[in-house]
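The values are calculated or read from the model by the stated rules, or taken from the named source; none is laboratory data. Please read these numbers as outputs of a predicted model, since none were measured by experiment. Cβ sites come from the backbone with ideal geometry, for glycine too, and all protein chains shown count toward neighbours. Surface areas here come from the heavy atoms of the whole protein model, side chains and all, with no ligands, DNA or RNA. Shrake-Rupley method; radii C 1.70, N 1.55, O 1.52, S 1.80 Å.
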Amino acid sequence: VYARCAHLTVPQKIHLEQGRAQCQNRNLCQRGCPFGGYFSSNSVTLPWAEKTGNLTMISGAVVHSIIYDEKTGKASGVVVIDAKTHKATEYFARVIFVNAAALNTNLILLNSTSKRFPNGLGNDNGLLGKYVAFHNYRARVSGKYEGFLDKTTDGRSHTSAYIPRFRNVEKQETDFLRGYAAGFSANRGIKRNTDGFGEALKNNLDKKELGPWNVGSHMMGETIPKESNYVALDKNKKDEWGMPLLSISIDYDDNDEKMVKDYQEQMTMMFEKAGFH
């Protein structure tokens, strides 16, 4: 998912020096934008770092573990396995960043054992990999609206909105803990005539007629961190590079089910009040 989405409408001198251009409306944002129209590591920070001459990028590399220096009491490098040859190589640096996302970062740290950290780097309290919290996105509400037939959306994106969390904000008011936000979108579907065969069918399909407004919402709930939701190194199974597989034990609970039920009830009332059906 891309996050920092500031798009360039009028590139400044520094942007041009970075090799960036203004947004081309090509809808390639998810790829990191080859034009540099919006900020991302692919189009901004990595090319900018490359220009310094101090950047070396290695592909096909599987990070095995972090090397801990017993004398200095600091991490000093990483062990990397070549994905094709399976050869292990050690790289050393003054500063090491672990950017393997939530679960694989835990895998690397748990696999980074030493005399000082027999249960994983920094895992003195045994909590590494435990209390995994995540989003509860399982509920949706949708409907149609018959009005505003003289209006439609412009461009590729839907008309969208964000509904901030409104449950248990100032005080506990429900039978579940915490709360949820919600997304909202609206767009007009296209009616297509699929009658006929051959040229008649093609001509019919080419005629696009806008249908009624489709409206929808999706839940963005938060789960409660608990010890029973955890990841750990599998004691028996390993991948092709000899690294333990990550055993994942995560599930929803009664609090999550109550949150889903409340979202469906609240959003249904909002949709009905707005005249959606």
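Residues that are modelled with pLDDT under 90 and in contact with a helix residue (DSSP H, G or I) (Cβ under 7 Å, 6 or more places away or on another chain) do occur in the range 36-51.
Each residue in the range 131-144 was checked for being charged (D, E, K, R) and in a loop (DSSP other than H, G, I, E, B), and 1 pass. Evaluated against (1) in contact (Cβ under 8 Å) with a residue 12 or more places away in the chain; (2) surrounded by 14 or more Cβ atoms within 10 Å (Cβ to Cβ), Gln24 falls short on exactly one condition, (2). Looking only at the range 5-35, count how many residues are in a helix (DSSP H, G or I) and under 22 Å from the mean Cα position of the chain (by Cα). Total meeting the criteria: 3. Residues in the range 52-86 that are modelled with pLDDT of 95 or more and among the polar types (S, T, N, Q): Ser65, Thr72, Ser76, Thr85. Please indicate, with yes or no, whether at least one residue in the range 139-160 is surrounded by fewer than 13 Cβ atoms within 10 Å (Cβ to Cβ), among the acidic types (Asp, Glu) and touching a Pro at 6+ places or on another chain (Cβ under 7 Å). Yes; the residues of the range 139-160 include at least one that is surrounded by fewer than 13 Cβ atoms within 10 Å (Cβ to Cβ), among the acidic types (Asp, Glu) and touching a Pro at 6+ places or on another chain (Cβ under 7 Å). The residue list Phe184, Phe197 contains one member that is open to solvent by 30 Å² or more (accessible area, probe 1.4 Å), within 17 Å of Thr268 (Cβ to Cβ) and either in contact with a strand residue (DSSP E or B) (Cβ under 9 Å, 6 or more places away or on another chain) or aromatic (Phe, Trp, Tyr) (or both), which is Phe184.
Hey, which of the strands (runs of 3 or more DSSP E) in the range 145-253, taking only ones fully inside, have at least 2 residues that are touching a residue at least 60 places away in the same chain (Cβ under 8 Å) and under 20 Å from the mean Cα position of the chain (by Cα)? Steps first, answer last, please.
On the way: elements: 159-163, 180-191, 209-222, 230-238, 244-249.
Here the list reads 180-191, 209-222, 230-238, 244-249.
Among the residues of the range 77-96, those that are open to solvent by 70 Å² or more (accessible area, probe 1.4 Å) and of a type outside the set (Lys, Arg) comprise Thr85, His86, Glu90, Tyr91, Phe92, Val95. Counting only residues that are hydrophobic (A, V, I, L, M, F, W, C) and in contact with an Asp or Glu (Cβ under 9 Å, 6 or more places away or on another chain), the range 97-123 holds 1 of them. For residues that are of a type in the set (Lys, Arg) and open to solvent by 70 Å² or more (accessible area, probe 1.4 Å), scanning just the range 1-21, find the one that is modelled with the highest pLDDT. Per the criteria, the residue is Lys13. Comparison of Val231, Val260 shows that the only residue that is open to solvent by less than 40 Å² (accessible area, probe 1.4 Å) and over 24 Å from Gly120 (Cβ atoms) is Val260.
All of Gly73, Gly60, Gly37 fail the test of being more than 28 Å from Tyr252 (Cβ to Cβ), touching a Cys at 6+ places or on another chain (Cβ under 7 Å) and either of a type in the set (Val, Ile, Thr) or touching a residue at least 24 places away in the same chain (Cβ under 8 Å) (or both), apart from Gly37.
Any residue that is in contact with a Phe, Trp or Tyr (Cβ under 7 Å, 6 or more places away or on another chain), closer than 30 Å to Ala6 by Cα and open to solvent by less than 40 Å² (accessible area, probe 1.4 Å) - is there at least one of those in the range 104-121? No, the range 104-121 has no match at all.
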